[in-house]
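Below is one structure, written out as structure tokens; comments come after it.
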Amino acid sequence: MADPGRPSNALADATSRFNGERLTMARQLAGLKKSALAAKIDMSPASVTGWEAGTKFPNRGTVAKLALALGVAPEFFGGGAPTRVTAPHFRSLRSTPQVAQDEAKAYARFAAEIVGLLDKAVEFPELLLPDLTVDADDPSAPEASAREARAFFGAAPGPIQHVVRLVERAGVAVVYSEPRIASIDAYSLHSGTRPIIILNPAKDDYYRQRFDVAHELGHLVMHHDSDPGSKALEDQANRFAAEFLMPADGIRSALPASTAGHGWNRLNDLKEHWGVSLAALLYRARTLGVMSDVSYRNAMIRMSENGWRRAEPGRVSTLEMPSMLPRARESLNDAGIYDEAFLSGAGLPVSLYRTVVSRTPRGEPDVFD
């Protein structure tokens with residue numbers, strides 16, 4: 001029988017191979033500043049800074065405290081450096097606290113690590129994304145890139161039936177973020193394994209989610225080497241998504257010039273046919289020159305008055321669900337490899353793993369415990 005007074009082999013190993021980058025990742029995943037973590041374990045912020053920088057190393061007792069405070073197993077700190085990812089393509093972050101931004105970035109690295117582990121255990125689709133890097137000086141570049149992307153993926157004329165399935169078949173991992181960081185909209189990144197699109201779990205809207213996925217696909221194929229976050233890049237991704245989901249040649253003649261008369265009825269029919277929001281259709285009508293700026297502004301005022309800027313009416317209530325990672329988890333479970341066993345030795349939190357591999361924004365029930 002093991003001596004309860006002695007540290008476990010896992011704890012001793014984690015102490016001897018302590019990686020400060022993994023402490024940073026775990027702290028940010030927990031949404032804590034260094035000072036807050038220091039207070040939780042009754043240590044100084046300078047100590048936390050030293051551990052994360054690799055200039056100091058915690059003893060076994062402190063590693064155990066860190067693991068307990070951050071909700072990870074001690075061996076989590078003994079792993080290698082976290083999976084490298086590119087800077088995420090966030091949208092406007094002016095009102096988002098830095099701690100939430102850090103948490104979202106850490107979650108992206110965690111998701112990339114999970115994707116890497118699953119990629120070694122099951123067979124994922126081959127990564128097949130076109131390189132459509134845009135020329136910033138070409139005003140028609142995003143639309144041209146969207147048309148090239150549709151041709152690359154073999155999309156038939158008309159609506160794309162399942163956007164999430166399309167990008168997953170191309171080898172892109174699609175996951176939901178934690179509800180705690182739902183203040184940050186959908187974002188995307190390239191990792192050392194494969195690209196990842198992270199969806200906002202609070203945006204429970206089929207039509208807007210499809211535009212989000214197309215927007216992030218635009219970033220992945222057009223903005224490999226661009227510094228993310230600029231208004232120009234976000235505008236390009238919006239234009240890509242609009243042309244990708246609503247090709248000008250297929251929708252221009254059907255868009256109304258105003259919402260007068262039967263205009264709203266026509267927009268509602270187009271919404272269901274193309275699987276996009278009323279807001280996206282109005283944006284499309286204006287950018288294609290079908291609707292004047294005055295008519296567009298009047299329509300948006302009406303949208304606000306009806307509360308449709310927050311929640312639009314629509315016939316489809318179920319979201320397009322990711323399946324690549326959930327199926328991988330199910331395959332492992334069917335083979336008798338359950339979540340705890342699969343993560344054994346990595347120290348990764350099981351609850352967060354289940355969020356990453358979930359089909360729904362509310363997470364999967366723990367049916368395999």
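The values are calculated or read from the model by the stated rules, or taken from the named source; none is laboratory data. Everything numeric in this text was worked out from a predicted model, so none of it was measured. FYI the Cβ positions are ideal-geometry reconstructions off the backbone, even for glycines, and counts take in every protein chain you see.
Look through the stretch 45-60, keep the residues that are free of Cβ contacts under 8 Å to residues at least 24 places away in the same chain and part of a helix (DSSP H, G or I), and return whichever of them is surrounded by the fewest Cβ atoms within 10 Å (Cβ to Cβ).
Checking each candidate, the answer is 46.
Suppose we filter the stretch 311-355 for residues that are closer than 26 Å to residue 205 by Cα, in contact with a helix residue (DSSP H, G or I) (Cβ under 9 Å, 6 or more places away or on another chain) and in a loop (DSSP other than H, G, I, E, B); how many remain?
12
Just checking, how many residues over the stretch 79-120 are part of a helix (DSSP H, G or I), within 25 Å of residue 35 (Cβ to Cβ) and not polar (S, T, N, Q)?
Selection size over the stretch 79-120: 11.
Can you pull out every residue in the stretch 97-126 that is closer than 24 Å to residue 336 by Cα and without any contact (Cβ under 8 Å) to a residue 12 or more places away in the chain?
Listed by number, the residues that qualify are 120, 123.
Mind checking which residues of the stretch 138-147 are acidic (Asp, Glu) and surrounded by 15 or more Cβ atoms within 10 Å (Cβ to Cβ)?
The answer is 143, and nothing else.
Give the residue, chosen from 199, 288, 270, 220, that is surrounded by 19 or more Cβ atoms within 10 Å (Cβ to Cβ), modelled with pLDDT of 95 or more and farther than 27 Å from residue 175 by Cα.
Exactly one of 199, 288, 270, 220 is surrounded by 19 or more Cβ atoms within 10 Å (Cβ to Cβ), modelled with pLDDT of 95 or more and farther than 27 Å from residue 175 by Cα, namely 270.
Yes/no per residue for (1) in contact with a strand residue (DSSP E or B) (Cβ under 9 Å, 6 or more places away or on another chain); (2) within 21 Å of residue 166 (Cα to Cα); (3) at pLDDT below 95:
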{"position": "274", "(1), (2), (3)": "no, yes, no"}
{"position": "277", "(1), (2), (3)": "no, yes, no"}
{"position": "296", "(1), (2), (3)": "no, no, no"}
{"position": "313", "(1), (2), (3)": "no, no, yes"}
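How do the strands (runs of 3 or more DSSP E) wholly within the stretch 141-249 filter down when requiring 2 or more residues that are closer than 23 Å to residue 102 by Cα and in contact with a His (Cβ under 7 Å, 6 or more places away or on another chain): which remain?
In the stretch 141-249, the matching strands (runs of 3 or more DSSP E) lie at 187-189.
Among the residues of the stretch 346-365, are any loosely packed, with under 15 Cβ neighbours inside 10 Å and either of a type in the set (Asp, Glu) or closer than 21 Å to residue 258 by Cα (or both)?
Within the stretch 346-365, not a single residue is loosely packed, with under 15 Cβ neighbours inside 10 Å and either of a type in the set (Asp, Glu) or closer than 21 Å to residue 258 by Cα (or both).
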